[in-house]
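Okay, so here's the structure we're looking at.
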Amino acid sequence: MSRPLTDLLQRWNHGDSEAFRQLIPLVHDELRRVAQHLMRSEQPGHTLQPTALVNEAYLRIAGLDSVEWQSRNHFLGVAAHLMRQVTIQHARRRCAQKRGGHLQKVDAEEEELSWERANELVALEEALLELANLDPVQSRLVELRFFAGLTIDETATALSLSRSTVKREWRLAKAWLQTQLDVSP
């Protein structure tokens, strides 16, 4: 399946809009898996659902200019990055609501868990932006492994790195993030 997908991506690179329409059914299940992976630790009743996340990713991908799609993993990595941006924007809106930006009556115990999660996502995003400044490869690796759910081998292929380098950089990135976020392993 990877070769036909890569062919469609390359056709799309060259302006074939029909290739994008053909691409959607081929990647939908994988994008849904990425969205579910991103949403796996959300509280029940979270207002952002995997289907909405996939739909938003389609819209954002379709609006991208001048991306030279390299492979399935490259496409999934970009999609995961865009989905992460959507979840962070959603989390920031939730944090703003908590500060009174959108007043409404809520059950404090139930909503507190979602706000805590939103704060964690915002803190993670800020740490990842800092990591991107220090080590762009590690930041990209975290996106692919944590947010897109790619395996070590898929990540190695996507980043053109050896498997052992990905393992080493993944351990370093996790340790750095744990230090920044002050969380237990």
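Read the figures in this text as sums done on the coordinates, not as results from a lab. No experiment lies behind these values; they were computed from the predicted model shown. Don't worry about glycine lacking a Cβ; one is built from the backbone with ideal geometry, like all the others, and counts go over all protein chains shown.
Values computed for the structure shown
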| item | result |
| --- | --- |
| Estimated distance in nm for a label pair at Leu172 and Arg21, the labels positioned 7 Å out from Cα along Cα-to-Cβ | 4.7 nm |
| Mean Cβ neighbour count within 10 Å, used as a protection proxy, ranking 28-35, 7-14 highest first | 28-35, 7-14 |
| Total formal charge among the other residues, if their Cβ is under 15 angstrom from that of Leu76, Lys/Arg +1 and Asp/Glu -1 | +2 |
